[in-house]
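Q: Just passing along the structure, written as structure tokens.
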Amino acid sequence: MTRHLLEVDDLTATELASVLDLAADEYPPHVMAGRGVALIFQKPSARTRNSSEVAVFQLGGHPVTIRADEVGIDTREPAEDVCMTLAQYHSVIGARVLDHAVLERMARVSPVPVVNLLSDRSHPLQAIADLLTLRSHWGGELAGRRLAWVGDGNNVARSLVLACAMTGVDVSIASPPGHGLDEVSLDAVVALGGSLSVASSPAEAVKGADAVCTDVWVSMGQESESAARTEAFRPYQVDAPLMALAAPGAVFLHCLPAHRGEEVAAEVIDGPASLVWAQAANRLRAVRGLLLWMFGPHQGRG
Ligand code: CP
Ligand code: NVA
């Protein structure tokens with residue numbers, strides 16, 4: 001059966017642990033020699049495109065980045081046909097899509113792994129990078145730590161809370177009314193045996209947390225909601241007084257791109273608690289670890 005990665009919990013907890021371990025291999029074998037990887041983008045990207053291209057190169061393969069308008073998903077031809085065509089040449093189809101359902105349709109027909117490079121619903125490679133970042137900062141152990149998510153219950157939040165549930169990290173989340181994590185995600189965390197509490201304020205979420213995370217107030221594709229969102233999220237900025245409520249030595253995470261003065265104060269993202277550049281660096285290790293797990297001697301075992 002072809003394994004896809006549309007969400008981080010498409011891996012078992014044991015498989016996720018293997019991917020994290022493989023990600024640490026700085027001199028990986030050329031397990032993708034002679035193989036192509038298609039990277040389709042319906043939205044802009046700095047980190048995902050570049051980390052994926054370099055990871056494929058480091059594994060001996062050849063990445064081909066494709067702007068969505070070049071292949072015309074569901075305009076020039078159906079998503080399924082785009083996917084099937086690219087699968088004739090490539091060993092992986094990575095796609096960043098506006099609508100998660102497009103990834104699901106591709107995965108249904110694809111004979112090669114489909115990897116989510118960010119959808120409106122999830123961002124699994126970011127969650128893997130964030131676990132790598134925290135694990136390295138905390139000296140190898142994730143279980144028993146506490147992470148606070150302040151802001152939108154969005155794609156990045158959804159994947160991160162699932163990843164936390166799979167690794168024993170307790171989560172508290174504070175979001176403006178109407179912008180919290182959906183019930184399906186909350187149920188999925190419980191089903192994974194995770195611990196997640198919904199706080200009534202950023203201060204309550206952050207109290208005693210070992211890591212504080214946020215993301216933009218307006219994700220790609222939500223630009224028309226910009227004014228209303230900016231208004232609703234204003235009390236949710238992560239600033240120095242909020243960070244002071246977290247545990248001593250707490251760190252700050254943001255997947256980037258960030259907007260200083262909106263979801264995060266410059267003094268926090270550019271301050272000593274910030275791990276954002278380690279997160280960006282770990283995007284390369286995350287996708288490399290996943291591809292090593294898929295194509296290396298492991299071949300998708302736990
Ligand atoms: N964090 C992240 O996915 O960045 P890009 O949108 O630049 O790829
Ligand atoms: N939530 C953001 C993440 C960007 C990496 C978005 O979807 O635009």
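The values are calculated or read from the model by the stated rules, or taken from the named source; none is laboratory data. This structure is a prediction, so every number in the text was calculated from the model and none was measured. No Cβ is skipped: glycine too gets one built from the backbone with ideal geometry, and neighbour counts run over all protein chains shown. Surface accessibility is based on the protein's heavy atoms, side chains included, excluding ligands, DNA and RNA. Shrake-Rupley method; radii C 1.70, N 1.55, O 1.52, S 1.80 Å.
Q: Thr230 - would you say it is out of contact with any Cys (no Cβ under 8 Å at 6 or more places or on another chain), in contact (Cβ under 8 Å) with a residue 40 or more places away in the chain and of a type in the set (Ser, Thr, Tyr)?
A: Here the answer is no, as Thr230 does not meet what is asked.
Q: Name the single residue, out of those in segment 103-123 being farther than 12 Å from Leu86 by Cβ and in a helix (DSSP H, G or I), that is farthest from ligand 1 (Cβ to nearest atom).
A: If we take residues in segment 103-123 being farther than 12 Å from Leu86 by Cβ and in a helix (DSSP H, G or I), then Arg108 is farthest from ligand 1 (Cβ to nearest atom).
Q: So, in segment 46-76, of the ones that are outside any helix (DSSP H, G or I), out of contact with any Gly (no Cβ under 7 Å at 6 or more places or on another chain) and not hydrophobic (A, V, I, L, M, F, W, C), which residue ends up least open to solvent (accessible area, probe 1.4 Å)?
A: Gly72
Q: Quick one: how many residues across segment 21-45 are in a loop (DSSP other than H, G, I, E, B) and either within 16 Å of ligand 2 (Cβ to nearest atom) or open to solvent by less than 60 Å² (accessible area, probe 1.4 Å) (or both)?
A: Going through segment 21-45 one residue at a time, the tally reaches 8.
Q: Also: Identify the residue in segment 197-227 that is free of Cβ contacts under 8 Å to residues at least 24 places away in the same chain and aliphatic (A, V, I, L, M) and, among all such residues, is most open to solvent (accessible area, probe 1.4 Å).
A: If we take residues in segment 197-227 being free of Cβ contacts under 8 Å to residues at least 24 places away in the same chain and aliphatic (A, V, I, L, M), then Ala227 is most open to solvent (accessible area, probe 1.4 Å).
Q: Considering every residue within segment 219-238, establish whether at least one is assigned to a helix (DSSP H, G or I), within 16 Å of ligand 1 (Cβ to nearest atom) and not polar (S, T, N, Q).
A: yes
Q: Can I ask one more? All but one of (1) within 16 Å of ligand 2 (Cβ to nearest atom); (2) touching a Gly at 6+ places or on another chain (Cβ under 8 Å); (3) not in a helix (DSSP H, G or I); (4) not aromatic (Phe, Trp, Tyr) hold for Glu262; state the number of the condition that does not hold.
A: (2)
Q: Continuing with the same structure: Report whether or not Val251 is of a type in the set (Val, Ile, Thr), away from ligand 1 (no atom under 14 Å from the Cβ), open to solvent by less than 60 Å² (accessible area, probe 1.4 Å) and within 25 Å of Arg146 (Cα to Cα).
A: So Val251 fits the description; yes.
Q: Only one of (1) open to solvent by less than 60 Å² (accessible area, probe 1.4 Å); (2) without any contact (Cβ under 8 Å) to a residue 24 or more places away in the chain fails for Glu15. Which number is that?
A: With respect to (1) open to solvent by less than 60 Å² (accessible area, probe 1.4 Å); (2) without any contact (Cβ under 8 Å) to a residue 24 or more places away in the chain, Glu15 is out only on (2).
Q: Please verify whether segment 78-99 includes one or more residues that are touching a residue at least 60 places away in the same chain (Cβ under 8 Å) and surrounded by fewer than 24 Cβ atoms within 10 Å (Cβ to Cβ).
A: The answer is yes; a qualifying residue exists.
Q: Scan segment 132-148 and give yes if some residue there is aromatic (Phe, Trp, Tyr), within 18 Å of Arg121 (Cα to Cα) and assigned to a loop (DSSP other than H, G, I, E, B), otherwise no.
A: There is no residue in segment 132-148 that is aromatic (Phe, Trp, Tyr), within 18 Å of Arg121 (Cα to Cα) and assigned to a loop (DSSP other than H, G, I, E, B).
Q: Out of Gly144, Gly139, Gly153, which single residue is more than 16 Å from ligand 1 (Cβ to nearest atom) and without any contact (Cβ under 8 Å) to a residue 12 or more places away in the chain?
A: Gly139
Q: Taking the criterion of being of a type outside the set (Asp, Glu) and at pLDDT below 95, would at least one residue in segment 149-161 satisfy it?
A: no
Q: Suppose the filter is farther than 28 Å from Ala232 by Cα, within 16 Å of ligand 1 (Cβ to nearest atom) and among the aliphatic types (A, V, I, L, M); does Leu131 pass it?
A: So Leu131 passes the test.
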